[in-house]
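Working notes for the structure below.
The values are calculated or read from the model by the stated rules, or taken from the named source; none is laboratory data. Nothing here was measured: the structure is a model prediction, and the numbers come from that model. Cβ coordinates were reconstructed from backbone atoms using ideal geometry, including for glycine residues, and neighbour counts include every protein chain displayed. Just so you know, the surface numbers come from the protein's heavy atoms only, side chains and all, with ligands and any DNA or RNA stripped out. Shrake-Rupley method; radii C 1.70, N 1.55, O 1.52, S 1.80 Å.
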Protein chains: 6
Amino acid sequence: MAKVAIHRKAHFNAAHRLYNSDWSDERNALVFGKCANPHYHGHNYELIVAVKGEINPETGFVMDMKRLKNLIESEIEDKFDHKNLNEEVVPFKSLNPTAENIAVVIWNILREKIETRLELTITLYETSRNYVVYSGE
Amino acid sequence: MAKVAIHRKAHFNAAHRLYNSDWSDERNALVFGKCANPHYHGHNYELIVAVKGEINPETGFVMDMKRLKNLIESEIEDKFDHKNLNEEVVPFKSLNPTAENIAVVIWNILREKIETRLELTITLYETSRNYVVYSGE
Amino acid sequence: MAKVAIHRKAHFNAAHRLYNSDWSDERNALVFGKCANPHYHGHNYELIVAVKGEINPETGFVMDMKRLKNLIESEIEDKFDHKNLNEEVVPFKSLNPTAENIAVVIWNILREKIETRLELTITLYETSRNYVVYSGE
Amino acid sequence: MAKVAIHRKAHFNAAHRLYNSDWSDERNALVFGKCANPHYHGHNYELIVAVKGEINPETGFVMDMKRLKNLIESEIEDKFDHKNLNEEVVPFKSLNPTAENIAVVIWNILREKIETRLELTITLYETSRNYVVYSGE
Amino acid sequence: MAKVAIHRKAHFNAAHRLYNSDWSDERNALVFGKCANPHYHGHNYELIVAVKGEINPETGFVMDMKRLKNLIESEIEDKFDHKNLNEEVVPFKSLNPTAENIAVVIWNILREKIETRLELTITLYETSRNYVVYSGE
Amino acid sequence: MAKVAIHRKAHFNAAHRLYNSDWSDERNALVFGKCANPHYHGHNYELIVAVKGEINPETGFVMDMKRLKNLIESEIEDKFDHKNLNEEVVPFKSLNPTAENIAVVIWNILREKIETRLELTITLYETSRNYVVYSGE
């Protein structure tokens, strides 16, 4: 059967700051600039989850889009939306919440919930000008 | 010569319903939800056709964009636009018009019209939140 | 207090055809072209509801955006989404579902649910290239 | 001379929470929901500044767009971008940073810097689905 | 009958430079900066034409969108697209092709072709960050 | 470490014409149509630069986005923005400035400035409907 990648867009609004706790405040300010602001700033993150696999001939679906939508809501939006990533989202207690690291964290969460026959790619827009893509490489 | 992928966007507005004729109406409603509505619903489909190959050193083109535009118009837009996909577009008499299957049908139609030295990829947006990509795998 | 217009975007996917039941099929085809296709076609309608009024000094809101979102869902999206407008949405049994008329119908529905001290404007995108605006004039 | 409205887009990324300091935490949570999260959340605010007036026949400009761009940068972006609105932007120490109130604050700041012969309108997108417009009424 | 504003988007790609022939090259460079480059630069202009009036009860249209589309093509796109505005589009032989002036010129051209009972508004995007609106005031 | 592709958007506005100096004017007009207009036309080019590599565990960055932004500004925007590509940008004195060739030229310029451990991909939108992608193949 033909292999198709289906994509679903979602979004969450969150506060964060870029910060390496092993470094001095001076070095954090030097490397991360205004992104290191200890009072935080925030973003409307736009998330695209792509799932690639063979079309099921009975349904015409690679995966039910409603199931994918629900998975993104329960596993990502409910945990990230209207949160402070550094303070309230577990992996970022010890991991700097750069767009790169957020994409990897989201990929790891969803990878456990989606059948291994399906390839998974995460695209995360931090702003309309900056975005990252991670496929598990 | 350098290999570049050129992309052309197009669009068509169509009605469809999701429906497997081997199933009961109950099962169709269960699996496809409101997408199975027998009175149909519809979408503004956004189509991106990508063609990848070597740049022709005389023209600087991979393929003449006007020719690609005309091909999409005559082979896809004229046949799909302002149509009921289930009722009026031949492959979907027996094939469920999911975004996945529509992308494969479009790929198959265009593959016959474009030189085999050129790689072809179809991206189809069913809504601004859902889209699929097919490259002939 | 300052008067501000708040805007909320929503969307629904529907089938329709343009058709005047007082006319012959020939005249419908002549005036409405491929939009008169009796098998229907469809759109992803994008809706923007604007509500203008004074800011409440206690909340900083003109109107609670969550209440507006819920109103749009219950009064418009639940009734229009994944529907055939001509067949399944009452006002269009006898009213041609042009973008203009759909906008007026939505305005009339929401006008009854929103306090009269607030001005209401409906913007409706039929496609990304065609849209209409209605303010009750 | 013809009167034209010129528009310039800009953006800033900021953290905020919705909060009325006269209320209990319970009432704040009840009215503002997850927007009241004391750890903050954030947005990519998109700002459109419109300035309307007669075209200067010598330049063909209503106002030099570069001057408008610089004004938005120095008066708004430098003060709001990568900031916590509640903690670091003066008016919001005592004013709830709803989109409505932020738009009014921006209008008041720019109104003092732009000639009174020119009409000023502020459009502020908090997310791609929610935005407000303020013209000084 | 209800009054609705219908909107149609179009686009043209053109070269231009900002230049006042009554001024020295030095003054042109001072006022218009890199926009005065004598070798020209260019834009993808996005045009939105709005026409406001009463809905025709027979058709449900304010004006036939196909007629509006054809008018924009014949009167604007055919004359502006892939042209050098300063050199090849008559009004700009003596008028600086700022976004403001281009909008006024387009309004004047279309005003003669559209019934006077209909109000006309032109929105012209020079870039995705800069745009102007003109309604004949 | 995980390999992530970071993307940065930029833009430049330029004039160009399509032209092969080895051909007669007639053949240029025949092959390139209105794009061969000797008076030039222009575009708002949108550029996306993607850089793929392992995340640096200290910073959480593949590459500092500010450094990438500055590189695009100094190497591409400063040289291409508000320019006539055929007349003022060196490679296009002898190379037809099609979107394909512009993407290859940009890739070659940036490839020299970015560490070889990082993969580079250029996406260039000539209009919102036409774009090209080049990865150095």
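Here's how it looks for F:ALA2: its modeled amide H is under 5 Å from those of F:ILE55, which are all 5 or more places away or on a different chain. Other protein chain C-beta atoms within 10 Å of residue C-beta, averaged over D:6-19: 5.
Annotation: for a label point projected 7 angstrom from Cα along Cα→Cβ of B:ASP22, residues of the stretch A:45-60 with backbone N closer than 18 Å are A:54-60. Distance between the modelled labels on E:SER128 and B:ASN70, one decimal in nanometres: 3.1 nm (7 Å Cα→Cβ projection).
Ignoring ligands, DNA and RNA, what percent of the 1.4 Å accessible area of the stretch E:1-127 is carbon and sulfur? Write down the numbers at each step before the final one.
Details: 2610 of 5210 Å².
About 50 percent, which is the carbon plus sulfur part of the accessible surface.
The stretch F:58-119 and the stretch D:72-137 have Cα centres spaced 35 Å apart. Ranking C:GLY60, C:ASN44, C:HIS82 by how far each Cα lies toward the positive end of the dipole of chain C (charges on Cβ) leaves C:GLY60 at the top.
Interface size between chain B and chain A, please: total buried accessible area, 1.4 Å probe, rounded to the nearest 100 Å². Walk me through the intermediate numbers first.
Numbers: alone 8240 and 8240 Å², together 14800 Å².
Result for this pair: about 1700 Å² buried.
Using the heavy atoms of the protein chains and a 1.4 angstrom probe, tell me the accessible area per residue for the protein assembly as shown in square angstrom. Walk me through the intermediate numbers first.
Numbers: 33780 Å² over 822 residues.
Value returned for the protein assembly as shown: 41 Å² of accessible area per residue.
Taking every DSSP beta bridge with both residues inside the protein assembly as shown, roughly what % is antiparallel (nearest 5)? Close to 95 percent. Computed 3J(HN,Hα) for the stretch A:39-48, one whole-Hz value per residue from the Karplus formula 6.51 cos²θ - 1.76 cosθ + 1.60 where θ = phi - 60°, is 7, 6, 9, x, 8, 8, 6, 9, 10, 10, glycine and proline marked x.
What dipole magnitude, in Debye to the nearest 20, does chain A give about its Cα centre under +1 on Lys/Arg Cβ and -1 on Asp/Glu Cβ? Could the numbers behind the result be given before it?
Values: 17 positive and 20 negative charges, 51 e Å.
Computed charge dipole of chain A: roughly 240 debye.
With respect to chain D, whose longest principal axis is taken over its alpha-carbon atoms, helix D:99-111 is tilted by about 40°. The antiparallel fraction among DSSP beta bridges confined to chain D stands at about 95%.
Give me the percent relative contact order of the stretch D:15-95, please, defined on Cα pairs under 8 angstrom at least 6 residues apart.
Details: 55 pairs, mean separation 24.4, N = 81.
Value for the stretch D:15-95: 30 percent.
Residues A:MET1, C:MET63, E:MET65 ordered from highest to lowest accessible area at a 1.4 Å probe: A:MET1, E:MET65, C:MET63. Charges were assigned to the Cβ only: +1 to each Lys and Arg, -1 to each Asp and Glu. The resulting dipole of the stretch E:86-137 about its Cα centre is roughly 60 debye. Under the convention that each Lys and Arg Cβ holds +1 and each Asp and Glu Cβ holds -1, the size of the dipole of the stretch A:22-97 around its Cα centre is about 120 debye. The loop-placed GluC sites (Glu not before Pro) in the stretch F:54-136, going by DSSP, that have at most 14 neighbouring Cβ atoms within 10 Å of their Cβ come out as F:GLU58, F:GLU112, F:GLU115. The stretch A:1-39 and the stretch D:1-31 have Cα centres lying 23 Å from one another.
What ratio of Cα Rg to 2.2 N^0.38 Å holds for the stretch F:1-94?
Details: Rg = 18.3 Å, N = 94, 2.2 N^0.38 = 12.4 Å.
My calculation over the Cα atoms of the stretch F:1-94 gives 1.48.
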